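Single-structure report; data block below.
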Amino acid sequence: MVKDESPFMKYLRRDRLPTIFCAGCGNGIVMNTFFKGMEMAEVDFDNLIMVSGIGCSSRIPGYVACDSLHTTHGRPISFATGIKLANPEHDVVVFSGDGDTAAIGGNHLIHGARRNIDITVVCINNNIYGMTGGQISPTSPKGSYGSTAPYGSLENPFNLSGLVTAAGGSYVARWTTAHPVQLSKAIKSGLENKGFSFIEVISQCPTYYGRKNKLRTPIDMLNWLEESSINKKRADKMDEEELIEKIVVGEFQNKPQPEFTDKLCKLLEEQCVTGKPTSIRSAYLED
Amino acid sequence: MIKVMSANGAISEAVKMCKPKVIPVFPITPQTTISEYLAKFVADGVLDAEYIRVESEHSAISAAVGASGAGVRTFTATSSQGLALMHEILFVAAGMRTPIVLGNANRALSAPLSIWNDQQDSISERDTGWMQFFAENAQEALDFVIQAYKISEDHQVLLPSMVCVDGYILTHTVEPVDIPRQEDVDEFLPPYEPISYLDPKNPMSLGTFTDPDYYMEARYDMQTAMDGAKDVIRRVNKEFEEVFGRKHGLVESYKTEDAEIILVAMGSICGTIKTVVDYLREKGEKVGLLRVISFRPFPQEDIYQAVKGARRIAVLDKNISLGIGGVLFNEIKAKMDVNASGFILGLGGREISPDHIIEIIEKTRNPTETNKINWIGLKEEE
């Protein structure tokens, strides 16, 4: 191992490096905290499948040396549902962004949460469509600038963590890339939760969001994320006016609920003549 | 006025001058700059339209159908996966006879994921009831948008149009484009007058449930409209030439009169082919190009008239209908008795050079097996 190399390099496909991410992008911090959280949760890396859609964040699984499925825009949760149902023993993680989960794939997000299927979604929310060049997304703050809103966005953004909590997600947390320790712990909790886990990471896109919104360097953006953040416990006691332009961070939901594939397997065991299906993965191991 | 711009810029300029009232659009590479230019025009007040930042292409085309159904001129734009996501509503737009104009930046379809050019996306929508016009350059992209509104909105036609430009090759390269005067566009394209639209004072329904007594007639009417559109296109081309001085058609014949070998192709590749034709003509070889501009309606009569005198023709497809081969090749073979060879090239952005065109001409001159699918520029396993 090269001196001072990240201990997580062992999880990456070296031949794919360097990444396509811009200098200062938050995706690197999220990858780092994910591996940390994965180790803390003692997830078997060989049992992990990563699924992604379209966008900068969706390129992450391509750099990770585990099984992965790079799918269509907005649909990774649907593909992940298929994987999980085919073999409930897999650890299935979706890497996604605000474009994928809040815009084109919003429907799949709420239905995944409603079912409480055991998938962990890491949503890197940078408040803008980064890959296509800085257009307004459904999480862009009101008044923020984008290439499709040259005079500022007029629309209300989604509160994604609130949305997933309301839809039935059993573990929901929001942190920013300025909170790597808390983020790793949330990823750990999300992976340990048997059910639909949603970890929203407010992240920096200095290339587009920062440049268009007077936050020109990654440092400016990280400072902004840290300074704007306010813990949920404190925020719950504040009124709406006080929370304008604040990022509420913390755990939104941590309430284990019966999980979908468990319920389905139990039904099959009770009602199906063949009983509970044996895992597909074991078929390969028999060869 | 001559300005240097990309095809995406040219499409946006054309849209601005056609004055649509509603523009629902969702960014996708390599269409994105169209959505950005139009957002700026609307924000700056130079285009008086409702610009909707929708959450997906399915919503973009759905909102376009709604707006067009309400009786206003409408524009949207997309590419590749976005067009595929619109598939369901493309049929609806045509079936409701909404004269929407859509700019499509031609790009390959996943999987494997590719953002580069071929024409699989729009070709795969050939049965939806949309007209499709393939531009060779940015000037045509601008001209075709203006013409498309006039053709689509003609009361004999009332079918939506797609103006197709090759992704990156046209969307991200710049060239001089003659921007017409607004007065001339206004004269050529008067405000849209719908014959029927959603009006609470005079209620009607669009796209209602039909039993087997009615559905076939609706489809028959659409086929009749598509057939009749060819004459409308010819007439609109003529009017366009009178106002703007540029001549377009259902097809373009380039040095085909005495040609022994004629290449048939669509889109930006025709620029390369013309260069090769000129080069070979200088060497005394009788070759020509027949460019298909209107892929739907399919101008089989015009194609046949142009190629019937040739000894052999080569049909170039930047698409493949897996299991049979290039779509343009197979449609030409189905519609006319010609000695044709089919070539698949440029899929997923694979480079096409003049040498490839010469290779195609050589293979057409001495064909081994005419029903074979010939792949050009393919990396064969060693």
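Would you compute the Debye intensity of the stretch A:178-287 from its alpha-carbon atoms alone, equal scatterers and no solvent, and pass along log10 I(q)/I(0) at q = 0.10, 0.13, 0.20, 0.22 Å⁻¹ to two decimals?
Listed by q, the Debye log ratios stand at -0.54, -0.72, -1.14, -1.24.
Using helices alone, what [θ] at 222 nm do you get for chain A, with -39,500 (n - 2.57) per DSSP H run of 4 or more residues, divided over all residues and rounded to the nearest 500? Mind showing how you got there, number by number?
Details: 9 runs with 90 residues, N = 287.
For chain A, the value works out to -9000 deg cm²/dmol.
Using only alpha carbon pairs under 8 Å that are at least six residues apart, calculate the relative contact order of the stretch A:9-258 and give it in whole percent.
Values: 552 pairs, mean separation 47.8, N = 250.
Here the relative contact order equals 19 percent.
Kindly write out, for the stretch A:217-230 in residue order, the coupling ³J(HN,Hα) from the Karplus curve 6.51 cos²θ - 1.76 cosθ + 1.60 (θ = phi - 60°), rounded to whole Hz, with x marking Gly and Pro.
Each residue's phi maps through the Karplus curve to give 10, x, 5, 3, 5, 5, 4, 4, 4, 5, 5, 7, 6, 9 Hz.
Which value, in Å³ per residue, describes the convex hull spanned by the Cα atoms of the stretch B:1-69?
Details: hull volume 5.8 nm³, N = 69.
That works out to 83 Å³ per residue.
Whose amide H sits under 5 Å from the amide H of B:Asn339, counting only residues 5 or more places off or on another chain, with H placed in the peptide plane?
HN-HN under 5 Å from B:Asn339: B:Ile313.
Report, please, the projected area of chain B averaged over directions, based on the convex hull of its C-alpha atoms, in nm².
Numbers: hull surface 80.7 nm².
About 20.2 nm², averaged over all directions.
What does the net charge come to around A:Tyr151 if you take all other residues with beta carbon closer than 14 Å to its beta carbon, with K and R at +1 and D and E at -1?
Values: positive: A:Lys142, A:Lys212, B:Lys40, B:Arg53; negative: A:Glu155, B:Glu36, B:Asp44.
Local net charge: +1.
From the phi of every residue in the stretch A:135-147, what ³J(HN,Hα) in whole Hz does the Karplus formula 6.51 cos²θ - 1.76 cosθ + 1.60 yield, where θ is phi - 60° and glycine or proline is x?
8, 5, 10, x, 10, 4, x, 4, x, 6, 9, x, 5
Hey, what number do you get for chain B at 222 nm if only DSSP H runs of n ≥ 4 count, each worth -39500 (n - 2.57), divided across all residues, to the nearest 500? Don't skip to the answer; put the middle values down first.
Numbers: 12 runs with 154 residues, N = 382.
Mean residue ellipticity at 222 nm (helix-derived): -12500 deg cm²/dmol.
What is the ratio of the Cα radius of gyration of the protein assembly as shown to 2.2 N^0.38 Å, where N is its residue count, to two decimals?
Working: Rg = 27.5 Å, N = 669, 2.2 N^0.38 = 26.1 Å.
Compactness ratio reported: 1.06.
How about the stretch A:21-90: which GluC sites (Glu not before Pro) there are in a DSSP loop, with at most 15 other Cβ atoms within 10 Å of their Cβ?
Answer by residue number: A:Glu42, A:Glu89.
What does the charge count around A:Val248 come to, taking other residues whose C-beta lies under 15 Å from its C-beta (Lys +1, Arg +1, Asp -1, Glu -1)?
Details: positive: A:Arg174, A:Lys232, A:Lys233, A:Arg234, A:Lys237, A:Lys246; negative: A:Glu200, A:Glu226, A:Glu227, A:Asp236, A:Asp239, A:Glu240, A:Glu241, A:Glu242, A:Glu245, A:Glu251.
In short, -4.
If you bin the C-alpha pair distances of the stretch A:43-149 every 10 Å from 0, what whole percents do you get?
16, 46, 27, 9, 1
Please quote Rg/Rh for the stretch A:5-86 to two decimal places, taking the Kirkwood radius as Rh and restricting both calculations to Cα atoms. Working shown, then result.
On the way: Rg = 12.9 Å, Rh = 13.5 Å.
Rg/Rh for the stretch A:5-86 comes to 0.95.
With a cut-off of at most 15 other beta carbons within 10 Å, and DSSP calling the residue loop, which trypsin sites (Lys or Arg not before Pro) in the stretch A:13-114 qualify? Please list them. Before the final figure, lay out each step's value.
Values: sites: A:Arg13, A:Arg14, A:Arg16, A:Lys36, A:Arg59, A:Lys84, A:Arg114; in loops: A:Arg13.
Filter output for the stretch A:13-114: A:Arg13.
With 22 Å as the cut-off, how large is the P(r) tail for chain A, expressed as percent of Cα-Cα pairs?
Beyond 22 Å sits 57 percent of the P(r) for chain A.
Quick one: if the Förster radius is 56 Å, what FRET efficiency do B:Asp231 and A:Leu243 give, using the C-beta to C-beta distance and rounding to 0.05?
Working: r = 63 Å, r/R0 = 1.13.
It comes out at approximately 0.35.
Could you pull out every residue, at least 5 positions away or on a different chain, whose amide H is within less than 5 Å of the one on B:Glu50? Hs are placed 1.01 Å off N in the peptide plane, and Pro or chain starts have none.
It is B:Val22, B:Ile23, by chain and number.
May I ask you to give the average projected area over all directions of the convex hull of the Cα atoms of the stretch B:313-374, in nm² rounded to one decimal? Mind showing how you got there, number by number?
Working: hull surface 16.5 nm².
With the hull built on Cα positions only, its mean projection is 4.1 nm².
For the stretch B:206-275, which chymotrypsin sites (Phe, Trp or Tyr not before Pro) pass both filters: DSSP loop (anything but H, G, I, E, B) and at most 16 other C-beta atoms within 10 Å?
Working: sites: B:Phe209, B:Tyr214, B:Tyr215, B:Tyr220, B:Phe240, B:Phe244, B:Tyr254; in loops: B:Phe209, B:Tyr214.
Filter output for the stretch B:206-275: B:Phe209, B:Tyr214.
For A:Ser68, what residues show an amide H to amide H distance below 5 Å, using hydrogens built from the backbone and excluding near sequence neighbours?
Amide H to amide H, under 5 Å and 5 or more residues apart or across chains, A:Ser68 pairs with A:Met50.
Run the paramagnetic zone check for A:Lys255: 7 angstrom along Cα to Cβ, then residues of the stretch A:160-179 with backbone nitrogen under 11 Å.
Zone members listed by number: A:165-171.
Computed from the coordinates by the stated procedures, all read-outs in this text should not be read as laboratory data. None of the values given here were measured: they were computed from a predicted structure. As a convention, Cβ positions derive from the backbone with ideal geometry for all residues, glycine included, and neighbour counts pool all protein chains shown.
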